[in-house]
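Derivation of every value follows stated rules applied to the coordinates shown; laboratory data play no part. Bear in mind the structure is a predicted one, so any value in this text is a computation, not a measurement. A quick note on method: Cβ atoms are made from the backbone with ideal geometry, for glycine too, and the neighbour counts reach across all protein chains shown.
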Amino acid sequence: MIKMFRSSLVLFFALLLAGLAIAVAIYYSNFNVRFWPLYFCFLIWLVISGLIAQIYTRKKLNKIVDLLLVECNPQKCLAVASKLLDRNCDVQGKANIRLNLSTIYMGTGNTEMAKKMLDQVNVNNNNKHTVRYKSVYYNNLASYYITTHDSKSAREALEKMSLALKEPKVPPLLRESGFHLYNSKTLLCNMEEGNYEGCEQTFSVMLDKAKNNYEKSMCQLTLGKIFINNGKIDKAKMALQYVIDNGNTLYAVEEAKQLLIKI
């Protein structure tokens, strides 16, 4: 993971060289330290250096993710995240970045680029890495088809997502969160087909549990559509206005404005 950022690699090798310099200085000093204990201490420092670099990298990644989830600024997030593709050589790293980029492109309303990112992810291998992101791939694919009003293809993607989540190697937390997404996407498919039963209650609960501005804005947009269908125009206006006020540069803001004009 530390390969994603040059600064992470610089930090790792700087810590490593510092530890090596100290070890050499101690070995050639008058402290009468034997080679093997010092060697094992250096190996421990190697692991510690890697952990420090990993923590640093994770913090940098969180800042990029916050551009979308907290600031609701997919364009700025895209400008930073797209550069990471050129800095990663391993297949798993590129696959994870492309999955994230597909989500970001959906946030900008660029469904064509979102699909292009997904088409470059290979989920046919059954290695331990593919198992982890296969369900994410099908979730994002379902989102694309729902946005492009192809509920049949979306349901096919959701069926594959369900099968992927049931694989034994999937971590329990990923499985739990994945099935929550599966249920919400299934309701969105129902809405596309004109069936709004149970949608208001489910998305109201999701709104209460939303952890960031992105999730809240997307829930409010969906609730706005549900309220319009249910004839609750005042509630629909409040939900859509929330998206406009808090969605920043999300494409959902434009969609909310168009819905407000219609009602």
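Partner lysines whose Cα lies under 21 Å from the Cα of Lys262, excluding those fewer than 8 positions away in the same chain, are identified as Lys225, Lys232, Lys235, Lys237.
In the chain, taking the dipole from charged Cβ atoms about the Cα centre, the farthest positive-side position among Asn140, Leu260, Gln241 is held by Asn140. Only Cα pairs under 8 Å and at least 6 apart count here; give the relative contact order of the chain as a rounded whole percent. For the chain, the relative contact order is 15 percent. Shape of the stretch 71-195 from its Cα gyration tensor (a ≥ b ≥ c, root eigenvalues): rounded if a/c is under 1.5, otherwise prolate when a/b > b/c, or oblate? Taking the square roots of the gyration eigenvalues as a ≥ b ≥ c, the stretch 71-195 is oblate. Which of Leu51, Ile26, Leu61 sits closest to the plus end of the dipole of the stretch 1-69, meaning its Cα is farthest towards the positive end, when Lys and Arg get +1 and Asp and Glu get -1 on the C-beta? The residue sitting most towards the positive pole is Leu61.
The dipole here belongs to the chain: it is taken about the Cα centre, uses +1 on the Cβ of Lys and Arg and -1 on the Cβ of Asp and Glu, and is about 780 debye.
Using bins of 10 Å that start at zero, the share of Cα-Cα pairs per bin across the stretch 1-144 amounts to 11, 30, 27, 15, 11, 6, 1, in whole %. In the stretch 71-195, Cα pairs under 8 Å separated by at least six residues give a relative contact order of 19 percent.
Cross-link partners for Lys83 among the aspartates and glutamates, with Cα-Cα distance under 20 Å and sequence neighbours closer than 8 places in the same chain left out: Asp66, Glu71, Glu112, Asp119.
When peptides 131-144, 100-113, 34-47 are ranked by their average number of other Cβ atoms within 10 Å per residue, the highest-first order is 131-144, 100-113, 34-47.
Rounded to the nearest 20 debye, the dipole size of the stretch 38-191 about its Cα centre is 240 debye, using +1 on the Cβ of Lys and Arg and -1 on the Cβ of Asp and Glu.
Using only side-chain charges placed at the Cβ, +1 for Lys and Arg and -1 for Asp and Glu, the dipole size of the stretch 125-179 relative to its Cα centre rounds to 220 debye.
The Cα atoms of the stretch 168-218 give a gyration tensor whose axes a ≥ b ≥ c have a/c of 1.5 or more with a/b no greater than b/c, which makes the shape oblate. Counting only aspartates and glutamates at least 8 places from Lys166 when in the same chain, those with an alpha carbon closer than 17 Å to its own are Glu156, Glu176. When the charge dipole of the chain is built from unit charges on Cβ atoms (+1 for Lys and Arg, -1 for Asp and Glu) and taken about the Cα centre, the candidate among Pro37, Val205, Thr186 whose Cα reaches farthest toward its positive end is Pro37. In terms of distances greater than 26 angstrom between alpha carbons, the cross-link table entries Lys59/Lys216; Lys3/Lys216; Lys134/Lys211 yield Lys3/Lys216.
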